[in-house]
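As structure tokens, the structure follows; a few thoughts come after it.
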Amino acid sequence: MSAQTSPYESDALPTDTVDVVVIGGGAAGLNGALMLARSRRAVVVIDSGTPRNAPAAAMHGFIVLDGTPPPEILERGREQVRQYGGRVVFGEVAAAEPATPSADGDLRFTVTLADGRTLTARRVLVATGLRDVLPEVPGLAEHWGHGVVHCPYCHGWEVRDEPIGILATGPLSVHHAWLFRQLTDDLLYFARGTDLDSETRARFAARGIRVVETDVREVVTGSDGALVGVRLTDGTLVERRVLAVATRMEARTEGLDGLKLPMEDLPDNMGRRFASAMAGTTEIPGVWVAGNATDLAAQVGASAAAGALAASHINAMLATADTDAALAAAQKATG
């Protein structure tokens, strides 16, 4: 699930080689670009305008910015990147791949946008975020980010004391139940054919969590457009104001096949991410990854911090490359 934000004024795509291209204009990408621009690096952010949290009314769990609408955070982030000379380009990446190195052996990458424009960069920071894959239950997707939530830390306070239903998708849904039970005394667990062992059932009973074994046919919307409950396969309407769903989270990989970044499947069908190591380094020289694309559980604050860390590492590697090139040039000039 993702939503398109309103298009904004886009910067011109540079024709010269830039130090870093950041693919993704969310918290990780913008904070990474901010750090690089403040280090006087030529940096360009390519932003498709489809942030994961676009359907949400506000972002929570990040001090100072708690309660701020996501579009406002991104708008302010773009402005700050531009204050230091960074560029933000509205567009979709169609292809990204290594290119012929420079004459002194420095790495090069080519990024091609969907409209055919191209950009050459010395290094790449992938911050494309992730896509939430919802179970195929009719009526569920239209309430995503409002009556249908996934994160108790992002949305929990706002749905406290409401009648909440856990729409089970697998083992992670049991963990979901413990977290949402902290927020309400009225919690139903719609098992949807998933297995619950006797110990889990006993723990549910001890916490007053009721289990509904009959499968869910559809999510029901009221006349005011709000979620009012779920209809079971036997026709019963079970009233709920909120549904919590543990989605499958998949890193956005569109246009990035040419980089040949290694991927990793997480246990319990949690999702699929770009594999990365310290500071977002990857097995591909010159390519870093930060934010939800590699850390599926990261919230806005953690993603922004990861972008900053990756950017500082990129800048350090570029500084070393610049010094190596300067030394080689000096030695050549002096024989």
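Odds and ends about this structure:
- Failed item in (1) open to solvent by less than 10 Å² (accessible area, probe 1.4 Å); (2) modelled with pLDDT under 95; (3) of a type in the set (A, V, I, L, M, F, W, C), with Leu130 passing the rest: (2)
- Residue within region 175-184 that is at positive phi and not small (Gly, Ala, Ser) present: no
- Any pair with Cβ under 6 angstrom, 6 or more apart, that starts in region 19-48 at a residue that is in a strand (DSSP E or B) and ends at one that is open to solvent by 40 Å² or more (accessible area, probe 1.4 Å): Asp19/Ala42; Val44/Arg87; Asp47/Phe90
- Scanning region 99-109 for residues that are part of a loop (DSSP other than H, G, I, E, B) and in contact with a Lys or Arg (Cβ under 8 Å, 6 or more places away or on another chain) turns up Thr100, Pro101, Ser102, Asp106, Leu107.
- The set of residues in region 249-284 that are crowded, with 20+ Cβ neighbours inside 10 Å and part of a strand (DSSP E or B) comprises Met249, Ala251, Gly271, Arg273, Phe274.
- Of the criteria (1) in contact (Cβ under 8 Å) with a residue 40 or more places away in the chain; (2) in a loop (DSSP other than H, G, I, E, B); (3) over 24 Å from Glu142 (Cβ atoms); (4) open to solvent by 20 Å² or more (accessible area, probe 1.4 Å), which one Asn53 fails: (3)
- If the condition is being within 16 Å of the chain's Cα centre (by Cα) and among the basic types (Lys, Arg), then region 236-270 contributes Arg248, Arg252.
- Those residues of region 193-227 which are under 18 Å from Pro163 (Cβ atoms) and either buried (at least 16 other Cβ atoms within 10 Å of the Cβ) or in contact with a Leu (Cβ under 7 Å, 6 or more places away or on another chain) (or both), in sequence order: Phe204, Ile209, Arg210, Val211, Val212, Thr214, Val216, Val219, Val220, Thr221, Leu227
- Region 106-127 - residue that is out of contact with any Ser or Thr (no Cβ under 9 Å at 6 or more places or on another chain) and buried (at least 21 other Cβ atoms within 10 Å of the Cβ) and, of those, farthest from Ser223 (Cα to Cα): Arg123
- Residue in region 26-33 that is closer than 24 Å to Thr118 by Cβ, in contact with a Phe, Trp or Tyr (Cβ under 7 Å, 6 or more places away or on another chain) and open to solvent by less than 60 Å² (accessible area, probe 1.4 Å) present: no
Every residue, every condition in (1) farther than 26 Å from Leu65 by Cβ; (2) of a type outside the set (Lys, Arg); (3) modelled with pLDDT of 95 or more, yes or no:
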position: Val245; (1), (2), (3): no, yes, yes
position: Met263; (1), (2), (3): yes, yes, yes
position: Asn269; (1), (2), (3): yes, yes, no
position: Met278; (1), (2), (3): yes, yes, yes
position: Ile284; (1), (2), (3): yes, yes, yes
position: Ala297; (1), (2), (3): no, yes, no
position: Ala306; (1), (2), (3): no, yes, yes
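- Every residue from region 75-98 that is open to solvent by 90 Å² or more (accessible area, probe 1.4 Å) and part of a helix (DSSP H, G or I): Glu75, Arg76, Glu79, Gln83
- Across region 285-300, the number of residues qualifying as out of contact with any strand residue (DSSP E or B) (no Cβ under 7 Å at 6 or more places or on another chain), assigned to a helix (DSSP H, G or I) and not small (Gly, Ala, Ser) comes to 0.
- For region 281-292, a tally of residues being within 16 Å of the chain's Cα centre (by Cα) and closer than 22 Å to Leu119 by Cα returns 3.
The values are calculated or read from the model by the stated rules, or taken from the named source; none is laboratory data. As the structure is a prediction and not an experimental result, all values here were calculated from the model. Backbone-built Cβ (ideal geometry, glycine too); neighbour counts: all protein chains shown. Heads up: the accessible areas ignore ligands, DNA and RNA and are worked out on the full protein's heavy atoms, side chains in. Shrake-Rupley method; radii C 1.70, N 1.55, O 1.52, S 1.80 Å.
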